[in-house]
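Below: one structure in structure tokens.
The values are calculated or read from the model by the stated rules, or taken from the named source; none is laboratory data. Computed from a prediction, not measured in an experiment: that's the story for all the values here. Every residue, glycine as well, gets a Cβ built from its backbone with ideal geometry; the counts of neighbours run over all protein chains shown.
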Amino acid sequence: MALEPGFVQCEGTGFQVGGEPFPVVGVNCYFLGYCSDASRLNVMAAAKQMRANAIRAWAFLNVDKRPAGTVAFQYLNNGAITVNGGPDGLERLDALIAAAEGQGLRLILPLVNYWNDFGGMPLYLRCLGVTGGPEQFYVSAAARIAYQNWVQAILTRRNTRTGRLYSEEPAVMAWELANEPRCETPGGRDLFLNWVSEMSSFVKSLDSNHLLAVGDEGFLIHADNHDPLYDGSHGVDGEAILGLAGIDFATYHWYPTAMAHPAAFGDTWVKDHVAAGQRANKPAIMEEYGLELGAAVTPDQRNQWYASWLQSVFQAGGAGDLLWMIGSSDAQVTGYHDEFTVLSGAEVPAVAAHAAQMAAV
């Protein structure tokens, strides 16, 4: 099924396309902008069997040293960060956007990683010769310029498969400033808010068609709450972010193990973010969630927890959610997996059931 025409827009605390509600139920698959057409379509087919209508994938792939034939979107060339627009570079991202349109899927595309993987903020700093911690990505003038250069290269790129500028692509639901950004330094909250304000304004100056989010994990700041999810120690104030004009919706992630909370806390985490979105009159989506299998968690138990968290999203009035993550057994991409990866909707039937529930409202 081809994509319905029009861009995704915010309508209060929800999304819409062409005046009709668009509840987001989807998956993450970070490698879809890197792989072959065949592998990409196989993953998309599996996602659609889960009734997904959106996929979140990386719009970054940076390396310092680039051997011949290596896929990379940016690389260090004679001391300069260089954009690779060719067949083993951004033409792969062109293909993802075109395929999403053909398959009737919307894309959420983060523009840089906070973490080291696939060329994150630390790699930018190394390439630029900037010393210090990751907060220097927000401080350094050189880093800010390098990031803006990348954003401009993406948003003004003409897709070799569709003929459109990226800023005109209907398959793109939203850009995100980063994946899971933090600013864990004294004064980090204000430093990070300043960066988000500047960069969101920059993105919007180049692209007025698409939605924009930060892509953060959803840390909140509640007075006298010493829980690391709420005490500001990560330098992210999710509710303050929603107060910025350039940010269209909230994001939050939920991993009980990594976030050191019981799985049952997911209901509270969902409700707190949906409520923050309601106060700002903006949507909030749980754009990553996952639970590792192991001795204490069977596949059935994992699916039950997913069903519970997704029911919390539905009952609270959340705008959507995206599973982390869907993978593939295709030889080319089988190495792109982690402890959360599923290969088909049969492993997590809660997702398709939730999609049907959300669509029926």
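So T160 passes all but one of these: (1) farther than 16 Å from V83 by Cβ; (2) touching a residue at least 60 places away in the same chain (Cβ under 8 Å); (3) part of a loop (DSSP other than H, G, I, E, B). Which condition number does it fail?
Checking T160 against (1) farther than 16 Å from V83 by Cβ; (2) touching a residue at least 60 places away in the same chain (Cβ under 8 Å); (3) part of a loop (DSSP other than H, G, I, E, B), the one that fails is (1).
With respect to D227, is the statement that it is at pLDDT 95 or above, surrounded by fewer than 16 Cβ atoms within 10 Å (Cβ to Cβ), out of contact with any Lys or Arg (no Cβ under 6 Å at 6 or more places or on another chain) and not in a strand (DSSP E or B) true?
So D227 passes the test.
Sticking with this structure for a sec: With a cut-off of at least 2 residues that are under 26 Å from D321 (Cβ atoms) and modelled with pLDDT of 95 or more, name the strands (runs of 3 or more DSSP E) lying wholly within the range 62-117.
Output list reads 106-110.
Taking the options A153, A95, A141, name whichever one is surrounded by 16 or more Cβ atoms within 10 Å (Cβ to Cβ) and of a type in the set (G, A, S).
One residue alone meets the criteria, A95.
Given the residues P134, P186, which is the only one that is touching a Ser or Thr at 6+ places or on another chain (Cβ under 9 Å) and assigned to a loop (DSSP other than H, G, I, E, B)?
Answer to the selection: P134.
Just checking, which of A99, A59, A47 is more than 22 Å from T251 (Cβ to Cβ) and of a type in the set (G, A, S)?
Just one listed residue meets the conditions, A99.
Out of curiosity, is L123 out of contact with any helix residue (DSSP H, G or I) (no Cβ under 9 Å at 6 or more places or on another chain) and among the aliphatic types (A, V, I, L, M)?
Against the criterion (out of contact with any helix residue (DSSP H, G or I) (no Cβ under 9 Å at 6 or more places or on another chain) and among the aliphatic types (A, V, I, L, M)), L123 qualifies.
So which of H234, H222 ends up being at pLDDT 95 or above and touching a Cys at 6+ places or on another chain (Cβ under 8 Å)?
When all the criteria are applied, what remains is H234.
Go through (1) out of contact with any Asp or Glu (no Cβ under 7 Å at 6 or more places or on another chain); (2) under 19 Å from A346 (Cα atoms) and name the single condition F15 misses.
Result: F15 fails condition (2) only.
Restricting attention to the range 279-303, which residues are touching a residue at least 24 places away in the same chain (Cβ under 8 Å) and either surrounded by fewer than 16 Cβ atoms within 10 Å (Cβ to Cβ) or hydrophobic (A, V, I, L, M, F, W, C) (or both)?
Residues satisfying the conditions are R279, A280, N281, A284, I285, M286, L291, E292, L293, P299.
When you go through (1) assigned to a helix (DSSP H, G or I); (2) touching a residue at least 12 places away in the same chain (Cβ under 8 Å); (3) over 19 Å from R51 (Cβ atoms) one by one for T251, which number turns out not to apply?
(1)
Would you point out which residue out of G232, G246, G215 is on the phi > 0 side of the Ramachandran plot and in contact with a Lys or Arg (Cβ under 7 Å, 6 or more places away or on another chain)?
G232 is the lone residue from the list that is on the phi > 0 side of the Ramachandran plot and in contact with a Lys or Arg (Cβ under 7 Å, 6 or more places away or on another chain).
Looking only at residues that are within 20 Å of the chain's Cα centre (by Cα) and part of a loop (DSSP other than H, G, I, E, B) in the range 258-278, which one is surrounded by the fewest Cβ atoms within 10 Å (Cβ to Cβ)?
Filtering first and then ranking leaves A258.
Separate question: When you scan the range 298-347, how many residues do you find that are part of a strand (DSSP E or B) and either of a type in the set (G, A, S) or at pLDDT below 95 (or both)?
1
A follow-up question, please. Report yes if K48 is at pLDDT below 95 and either surrounded by fewer than 24 Cβ atoms within 10 Å (Cβ to Cβ) or in contact with a Cys (Cβ under 8 Å, 6 or more places away or on another chain) (or both), otherwise no.
For K48, the condition - at pLDDT below 95 and either surrounded by fewer than 24 Cβ atoms within 10 Å (Cβ to Cβ) or in contact with a Cys (Cβ under 8 Å, 6 or more places away or on another chain) (or both) - is not met.
Name the residue that is farthest from G12 (Cα to Cα), counting only residues in the range 279-293 that are assigned to a strand (DSSP E or B) and of a type in the set (A, V, I, L, M, F, W, C).
M286
Looking only at the range 185-224, which residues are touching a residue at least 12 places away in the same chain (Cβ under 8 Å), within 26 Å of V274 (Cβ to Cβ), surrounded by fewer than 19 Cβ atoms within 10 Å (Cβ to Cβ) and not polar (S, T, N, Q)?
Of everything in the range 185-224, those that are touching a residue at least 12 places away in the same chain (Cβ under 8 Å), within 26 Å of V274 (Cβ to Cβ), surrounded by fewer than 19 Cβ atoms within 10 Å (Cβ to Cβ) and not polar (S, T, N, Q) turn out to be K204, I221.
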